[in-house]
1. Once the Cα atoms of the range 261-373 are picked out, what are the Rg and Dmax in Å?
2. Looking at the range 26-113, which chymotrypsin sites (Phe, Trp or Tyr not before Pro) are in a loop (DSSP not H, G, I, E or B) and have at most 16 other Cβ atoms within 10 Å?
3. Given springs between every Cα pair under 10 Å in a Gaussian network model of the chain, which of 326, 284, 292 has the largest fluctuation?
4. Using a Cα-Cα cut-off of under 17 Å, which lysines could be cross-linked to residue 2, ignoring same-chain neighbours fewer than 8 residues away?
5. On each of the three principal axes of the Cα atoms of the range 185-354, give max minus min coordinate, whole Å, ordered largest first.
6. Taking Rh as the Kirkwood radius, which is the inverse of the mean 1/r over Cα pairs, what is the Rg/Rh value for the range 38-144?
7. If the chain between residue 101 and residue 72 were fully stretched, how many nm would it gain, using 0.36 nm times the residue separation less the Cα-Cα distance?
8. GNM on the chain, C-alpha springs below 10 Å: top fluctuator among 237, 173, 303?
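Throughout, read-outs are computed from the coordinates displayed, never taken from laboratory work. Quick caveat, the model's predicted, so the values are computed rather than measured. Using ideal geometry, Cβ is built from the backbone for each residue, glycine included, and neighbour counts are taken over all protein chains shown.
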Amino acid sequence: MKKLRIGIDATALPPNLSGAGKYIFQLILNLSKIDTENEYFIFTNSRIFFSKIKNPNFRFQEFNFTSRLKRILWEQNSLPKFTKELKLDILHSPHYTFPLKKLSCKKVVTIHDLTFFLFPTLHLKSKRIFFQKFTELATKKADKILTVSENTKKDLVRFFPKSASKTVSTSLGIGEHFKIGSKNLEFLKKNDLSENYLLCVGTIEPRKNVETLLLAYKNLLEQKKIYEKLVLVGQFGWKYEKVKSLLKEPLLTKNVKHFGFVNETDLVKFYQNAKAVIYPSIYEGFGFPPLEALACGKPVFSGNNSAIEENVRDLALLLDCGKVAEVENGIIEILQNENWKQIAEDSAERIDKDFSWQRTAEKTLEVYRSVTL
C-alpha cells in the first residue's frame, strides 16, 4: 500500500477546546496513535496542543494568526503552496472551509452541522452566509466529505442531494476521562456548590437555548417545585444579552452560578458531582454534553432533535425544549424519576464503548486511503 503524505489544517483550532475544537484535537491525537505508516503535516496556530504527540511521522508547522480574516487569507493563498511544496496526497480541512484554488492533491472536508441552513437566524448574518457558501462549495469541490453524525449526513444530502455518493459519516468520540466518579466534597467547597445541583454545559448563544432553560427554572423556583441550584458551564458566545439580563434577576442571582469555560479536568468533576444534566439545545451536529454526562453516569434531559436523538436514543429523557412548559416538565421528571438515574449509571460503559475517538480516527484513515485509490 502506498505511503501517503497527509496534510491537516488545524489552524481553526480555538484556544478553548469545545465542539469542533475537540474533534480536530482528538482526531489528530488518535491518528498519531494508530498510524505509523503515513506521513502527516499538521498546520496549527498552537503547537502546544499537540505536545504529547511523539509519533515521528507527525510534523507541525505553527502559525500565529491574530484574526479570523488573516487565517482565511492564509488558507486561500498560502496553504495551496504548502500542499504543492510538501507533495501532499491529501489535504483534510476539518472545519468547513478549504482552499478554493485547484490543488495537486485530494480534498477532504468535514461538515459539522447544517444549522446555517436549518436555523439561519441563530447565527450572525456574516457567519451564516460564509458557512452556507463553503458548505455548498464542499459538495462540489471536495473529493470526500466527512460528517460527524448520520444526522448531519442526512441534512447535507437533503440540501445537496448530489453529495450523497461522496459523503461519509465518522461519528465522534467521548474522552476516556469522562467516567463515573464519587462525590468530591473538596471540589464542591472550592467552587461554593451545593451537593445537589443541576448542570448545563455549552456556549451561551441562541442555539443552546439557555434563555428558555432559565425561564423554566425560574418558574419552578417561584412555584417552590424545586430547590436544587443551577450551574452553567460555558463561555458567552453571541446574542447572549437576554441571558445576562435574566442572570441579574434576584431569584436567579441567588440560585444560578455561571462558571464560563472550564478545562476538561474540571468539566469531568462538574459532571460527576451534578444531580442531573440539562442540555436544551435546539439542534446539534453531534452534541458532546449529553454523552459526556451519561459517560459519567448522570441522568440527562435534552432536546428530542438532531444528532442528540440519534446518539443518546433511549438513554436520556428527550422532549421539545423549545417550549418553556416542556422544559419545566423535563426538569421535574429528571429529578423525581429515579429510573433515569439507574439508566444513566447502567449506560456509562455502553457510551464508552460506542463513542471511541480511536474508531473516529480509524474511519477517517479509511477515507484517506479510499480517496487516493
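1. 15.8, 56
2. Filter output for the range 26-113: 63, 65.
3. 326
4. Partners within reach: 87, 106.
5. Computed over the range 185-354, the largest-to-smallest principal extents equal 43, 36, 31 Å.
6. Rounded to two decimals, Rg/Rh equals 0.99.
7. 9.1 nm
8. Most flexible of the set in this elastic network: 237.
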